[in-house]
């Protein structure tokens with residue numbers, strides 16, 4: 001086996017990546033990026049890996065969420081703040097349900113590239129290359145806009161750096177105070193259709209009141225004012241990833257400096273492919289999307305390649321089968337993991353298998369389907385005696401109308417009101433928080449079942 005280098009992926013088959021027409025311009029951008037500071041640090045990636053190891057054992061729970069694809073023209077401090085805010089709200093609700101720490105990981109500060117189902121798209125008889133995310137080309141349906149431009153990588157880096165700067169400020173500057181975050185959550189439970197969630201919110205309020213009475217407040221316990229918040233993205237554009245990959249001076253291992261956690265999509269998980277090759281050599285925790293077409297042999301090969309030392313927290317398996325398909329596919333993959341004695345963290349992505357075309361022509365995801373897949377995921381793990389380690393959502397803090405359903409019932413007719421995504425539909429703030437309450441119920445039920453087993 002040849003030795004891994006940060007550029008060894010270049011000798012492997014590559015898919016879902018652009019062919020840049022100007023090689024000299026590409027080389028110049030790569031050289032420039034390779035001189036820029038990394039966006040994240042090795043110690044942060046190692047800490048996240050330890051947290052994910054805990055999630056795999058049931059001692060923590062992963063909440064991973066954010067944009068389908070970050071866009072240059074929608075970049076704003078308000079947008080970052082709103083998504084961060086909703087994730088904090090979700091985390092409080094989940095923490096109360098699970099009674100374990102919730103790991104907060106955003107699809108942010110790097111989620112700029114998107115795999116596509118076809119290399120081209122046709123509108124009104126005109127065929128052009130597909131839009132692949134702002135880091136590669138533009139959404140506008142013109143020949144010039146769809147040409148891959150390496151300069152976009154520099155803009156993506158700048159936006160990612162600014163996003164991380166703001167996230168770090170929010171995480172440590174008092175904005176994340178647990179009492180403040182819960183007051184936001186109470187606003188959601190004022191609606192007439194959310195009686196079921198109001199009880200949970202009241203229990204959280206009682207807990208915080210007790211802590212305050214006992215002298216545990218932001219002044220005496222600074223951890224109540226701060227949170228750890230990590231970033232993640234699909235490691236798709238490998239020229240960008242390689243340029244930001246550096247040696248960690250403490251361990252001597254390679255770090256992908258573009259984000260804390262990278263994942264490999266269901267379309268790019270070929271064991272002998274470029275994306276798996278790149279991910280295999282960096283010390284970051286790695287996510288792997290597992291869809292209906294993944295076979296036990298595929299999974300065995302990928303686990304051997306991506307986590308040969310069977311390190312806890314290194315590999316997160318992100319199941320995305322679609323509602324109604326989980327019981328067919330997930331048990332055989334769980335059995336494969338058990339047969340191999342592999343240490344993995346299981347996470348549910350209930351978004352990507354539930355995309356449909358609405359009656360009004362918009363791509364959408366029914367909230368009920370999302371919820372059903374989450375319940376099926378928890379149900380299979382309960383039946384198999386294994387640990388559901390987390391959830392992975394495409395969501396936003398903005399009041400968009402992209403997914404139908406939820407307590408504030410978005411209908412097919414409503415989709416056109418505030419449909420802003422360039423790729424896949426996202427849960428809005430209300431739907432995200434509602435889902436957190438429902439996941440919290442599942443976690444609470446699981447916790448009670450585990451306790452009953454322990455005392456039986």
**Members of the stretch 61-91 that are in contact with a strand residue (DSSP E or B) (Cβ under 9 Å, 6 or more places away or on another chain) and surrounded by fewer than 22 Cβ atoms within 10 Å (Cβ to Cβ)** = 68
**Request:** Confirm whether residue 104 is touching a helix residue (DSSP H, G or I) at 6+ places or on another chain (Cβ under 6 Å) and at pLDDT 95 or above.
**Result:** yes
**Request:** Looking only at the stretch 341-366, count how many residues are touching a helix residue (DSSP H, G or I) at 6+ places or on another chain (Cβ under 6 Å), outside any strand (DSSP E or B) and touching a residue at least 40 places away in the same chain (Cβ under 8 Å).
**Result:** 5
**Asked** In the stretch 118-170, what residues are in contact (Cβ under 8 Å) with a residue 60 or more places away in the chain, touching a strand residue (DSSP E or B) at 6+ places or on another chain (Cβ under 7 Å) and farther than 21 Å from residue 68 by Cβ?
**Response** none
**Complete:** Residues of the stretch 221-254 being surrounded by 23 or more Cβ atoms within 10 Å (Cβ to Cβ) and not in a helix (DSSP H, G or I), in sequence order, are 230, 231, 232, 233, 234, 235, 236, 237, 244
**Message:** Against the definition (buried (at least 23 other Cβ atoms within 10 Å of the Cβ), in a loop (DSSP other than H, G, I, E, B) and modelled with pLDDT of 95 or more), how does residue 284 come out, yes or no?
**Reply:** yes
**Request:** Consider residue 265 carefully, then state whether it is surrounded by fewer than 22 Cβ atoms within 10 Å (Cβ to Cβ), under 19 Å from residue 68 (Cβ atoms), touching a residue at least 40 places away in the same chain (Cβ under 8 Å) and in contact with a strand residue (DSSP E or B) (Cβ under 7 Å, 6 or more places away or on another chain).
**Result:** yes
**Message:** Being outside any helix (DSSP H, G or I) and either within 21 Å of residue 293 (Cβ to Cβ) or at pLDDT 95 or above (or both): is that true of residue 378 here?
**Reply:** no
**Request:** State yes or no: is residue 279 touching a helix residue (DSSP H, G or I) at 6+ places or on another chain (Cβ under 8 Å), in a loop (DSSP other than H, G, I, E, B) and touching a residue at least 12 places away in the same chain (Cβ under 8 Å)?
**Result:** no
**Prompt:** Hey, does the stretch 86-94 have a residue that's closer than 21 Å to residue 152 by Cβ and modelled with pLDDT of 90 or more?
**Reply:** no
**Item:** Filter result for residue 52 (within 30 Å of residue 433 (Cβ to Cβ), modelled with pLDDT of 95 or more and either touching a strand residue (DSSP E or B) at 6+ places or on another chain (Cβ under 7 Å) or surrounded by fewer than 16 Cβ atoms within 10 Å (Cβ to Cβ) (or both))
**Value:** yes
**Asked** Of the residues in the stretch 187-200, how many are within 15 Å of residue 440 (Cβ to Cβ), at pLDDT 75 or above and exposed (fewer than 15 other Cβ atoms within 10 Å of the Cβ)?
**Response** 1
**Request:** Identify all residues within the stretch 12-27 that are closer than 30 Å to residue 253 by Cβ, touching a residue at least 12 places away in the same chain (Cβ under 8 Å) and out of contact with any strand residue (DSSP E or B) (no Cβ under 9 Å at 6 or more places or on another chain); write none if there are none.
**Result:** 12, 13, 14, 15, 16, 17, 20, 26
**Request:** From (1) farther than 16 Å from residue 73 by Cβ; (2) exposed (fewer than 13 other Cβ atoms within 10 Å of the Cβ), pick out the condition that doesn't hold for residue 150.
**Result:** (2)
**Item:** Extreme residue, nearest to residue 438 (Cα to Cα), among residues of the stretch 350-369 that are at pLDDT below 90 and surrounded by fewer than 15 Cβ atoms within 10 Å (Cβ to Cβ)
**Value:** 356
**Prompt:** Residues in the stretch 151-203 that are under 30 Å from residue 25 (Cα atoms) and within 25 Å of the chain's Cα centre (by Cα): how many?
**Reply:** 14
**Complete:** In the set 225, 219, the lone residue that is more than 30 Å from residue 33 (Cα to Cα) and touching a residue at least 24 places away in the same chain (Cβ under 8 Å) is 225
**Request:** Quick one: residue 292 ticks every box in (1) surrounded by fewer than 17 Cβ atoms within 10 Å (Cβ to Cβ); (2) touching a residue at least 12 places away in the same chain (Cβ under 8 Å); (3) more than 21 Å from the chain's Cα centre (by Cα) except a single one, so which number is it?
**Result:** (3)
**Asked** Identify, please: which residue in the stretch 406-442 is outside any loop (DSSP other than H, G, I, E, B) and at pLDDT below 85 and is, among those, nearest to residue 188 (Cα to Cα)?
**Response** 410
**Message:** For the structure I just gave you, tell me whether residue 90 is part of a helix (DSSP H, G or I), closer than 20 Å to residue 234 by Cβ and touching a helix residue (DSSP H, G or I) at 6+ places or on another chain (Cβ under 6 Å).
**Reply:** no
**Request:** All but one of (1) closer than 19 Å to residue 13 by Cα; (2) part of a helix (DSSP H, G or I) hold for residue 270, so report the exception by its number.
**Result:** (2)
**Message:** With the structure loaded, tell me whether residue 64 is closer than 30 Å to residue 451 by Cβ, at pLDDT 95 or above and not in a helix (DSSP H, G or I) or whether it fails that test.
**Reply:** yes
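The values are calculated or read from the model by the stated rules, or taken from the named source; none is laboratory data. All values reported here derive from a predicted model rather than from experimental measurement. Cβ sites come from the backbone with ideal geometry, for glycine too, and all protein chains shown count toward neighbours.
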